[in-house]
Amino acid sequence: MLDTPFPTDFTDSDSWHPSGWSPVYDRLTSRRHLVGFTTLQCGVDRLVIGQETGDQLGTFLIAGEARVALAGAFNGWVVVNGDYRHLPGFWAL
């Protein structure tokens, strides 16, 4: 269980923006802050963010967790903890 409170506005996997870009919000503080966008659109409501270690085994470290939440009429990602820059397809503002 996470220690941080979570919004209850999670939605289903068919609400992604047709442009292919989804907003990414940082929730490390009490408010959501738009930090960028990602092309990541998938049918899960939470995602463990990984960071490749660069070794020959292909291992990675857990770098955080993100959840899907409504961002207007479409889904967006809210990074609950960790480094949002490691989301797949991330583009910073």
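The values are calculated or read from the model by the stated rules, or taken from the named source; none is laboratory data. Since this is a predicted model, take the numbers as computed values, not measurements. Cβ sites come from the backbone with ideal geometry, for glycine too, and all protein chains shown count toward neighbours.
Data for the structure
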read-out: Qualifying positions in the stretch 41-64 - more than 17 Å from Pro23 (Cβ to Cβ) and surrounded by 16 or more Cβ atoms within 10 Å (Cβ to Cβ); value: Gly50, Ala63
read-out: All positions within the stretch 29-39 that are surrounded by 13 or more Cβ atoms within 10 Å (Cβ to Cβ), touching a strand residue (DSSP E or B) at 6+ places or on another chain (Cβ under 7 Å) and at pLDDT 90 or above; value: Val35, Gly36, Phe37, Thr38
read-out: Test result for Gly89, on the phi > 0 side of the Ramachandran plot, modelled with pLDDT under 90 and not hydroxyl-bearing (Ser, Thr, Tyr); value: no
read-out: Those strands (runs of 3 or more DSSP E) lying entirely in the stretch 30-93 with at least 2 residues among the basic types (Lys, Arg) and under 20 Å from Ser15 (Cα atoms); value: none
read-out: Answer residue from the stretch 54-71, given it is within 16 Å of Thr38 (Cα to Cα) and of a type in the set (Gly, Ala, Ser) and is farthest from the chain's Cα centre (by Cα) among those; value: Ala71
